[in-house]
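A.B. asks: Just passing along the structure, written as structure tokens.
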Amino acid sequence: MNPPTRSGVFGRMVLPFALVPPIMIPLAMRDHAAVYRLDPAATNWEWIALLVFVAEIVSVTIVAGMLRLTSPADTLRPARARALAIAARAAAPLWASAVVLAVPSLGALVVAHLLAHTVALRRLYLDVREELRLDNDIQALHITYMAYSVAAILWAPVFVLIFITLSPG
């Protein structure tokens, strides 16, 4: 089996699945924005969807870079394409959780998103252990949380921008 290429990972994993949240956001906001206590006409949901899409692409790239940067000196760093594939696999549950926007329930959205973060962290941890061949659980957890936290820090200003956009006048 040929090793993955960066363009192959982006074309087959990242782009198709990263499109799920940006597609679901405008659809949900047009159908049942009142459930989320939002005015559907108050903002341009397509711009917010585009912002989310760009943040998704950037965060997967950053997680892949962090996986390479935080690899222990005594292990072989994953290739760029392999690190990108690991980051995309970890992000997949988060992308999939956006499907719950079709359900008009704020509670379902929160539960699905928290569950997706749990699954994403677990997937990243298992992939880090396997790829770097780590026997030390603490070392694997450290790399996992370092890579994941950088993406979480990226999302903080994105959410601030979205909430500022959604705040009334």
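A.B. asks: At R0 = 41 Å, how high is the FRET efficiency between ILE138 and ALA42 if r is their beta carbon distance? Nearest 0.05 is fine. Let's see the in-between values first.
C.D. replies: On the way: r = 47 Å, r/R0 = 1.15.
Working from the Cβ atoms, E equals 0.30.
A.B. asks: Rolling a 1.4 Å sphere over the protein heavy atoms, what is the accessible area per residue of region 1-133, to the nearest Å²? Walk me through the intermediate numbers first.
C.D. replies: Values: 7350 Å² over 133 residues.
On a per-residue basis, 55 Å².
A.B. asks: Can you give the extra length, in nm with one decimal, that the chain gains between SER149 and LEU51 once fully stretched, where that is 0.36 nm per residue apart less the Cα-Cα distance?
C.D. replies: Details: separation 98, 0.36 × 98 = 35.28 nm, distance 1.96 nm.
Here the answer is 33.3 nm.
A.B. asks: Let me ask something else about it. Ignoring any ligand, DNA or RNA, what whole percent of the accessible area of region 33-122 comes from carbon and sulfur when the probe is 1.4 angstrom?
C.D. replies: Values: 3260 of 4590 Å².
Ligands and nucleic acids excluded, carbon and sulfur reach 71 percent.
A.B. asks: What is the dipole size for the chain, taken about its Cα centre, with +1 at each Lys and Arg Cβ and -1 at each Asp and Glu Cβ, in debye to the nearest 20?
C.D. replies: Working: 13 positive and 10 negative charges, 69 e Å.
The dipole of the chain has a size of about 340 debye.
A.B. asks: In addition: Rounded to the nearest 10 Å², what accessible area does LEU115 have for a 1.4 Å probe in the complete protein model?
C.D. replies: Surface open to solvent at LEU115 totals about 110 Å².
A.B. asks: Can you give me the solvent accessible area of MET146 with a 1.4 Å probe, rounded to the nearest 10 Å²?
C.D. replies: Per-residue accessible area (MET146): approximately 70 Å².
A.B. asks: So, one more: In what order, largest first, do PHE163, PHE17, PHE53 sit by accessible area if the probe radius is 1.4 Å? Don't skip to the answer; put the middle values down first.
C.D. replies: Details: PHE163 135, PHE17 110, PHE53 45 Å².
Ranked list, largest accessible area first: PHE163, PHE17, PHE53.
A.B. asks: In the set (i) 69, 38, 27; (ii) 65, 34, 29; (iii) 54, 31, 26, which value of Cα extents along the principal axes in Å was calculated from the structure you see?
C.D. replies: Of the listed options (i) 69, 38, 27; (ii) 65, 34, 29; (iii) 54, 31, 26, (iii) comes from this structure.
A.B. asks: Read phi for every residue in region 47-60 and hand back ³J(HN,Hα) as whole Hz from Karplus 6.51 cos²θ - 1.76 cosθ + 1.60, θ = phi - 60°, with x for Gly and Pro.
C.D. replies: Values, residue by residue: 5, 5, 4, 5, 4, 4, 4, 5, 4, 5, 5, 5, 5, 5 Hz.
A.B. asks: Hey, another quick one. Keeping all protein chains in position, work out how much accessible area HIS142 exposes to a 1.4 Å probe, and write it in Å² to the nearest 10.
C.D. replies: Rounded to the nearest 10, the figure is 110 Å².
The values are calculated or read from the model by the stated rules, or taken from the named source; none is laboratory data. Remember, predicted model here, so these are calculated numbers, not experimental data. Positions of Cβ are generated from backbone atoms using ideal geometry, with glycine treated the same way; all protein chains shown enter the neighbour counts. Surface areas here come from the heavy atoms of the whole protein model, side chains and all, with no ligands, DNA or RNA. Shrake-Rupley method; radii C 1.70, N 1.55, O 1.52, S 1.80 Å.
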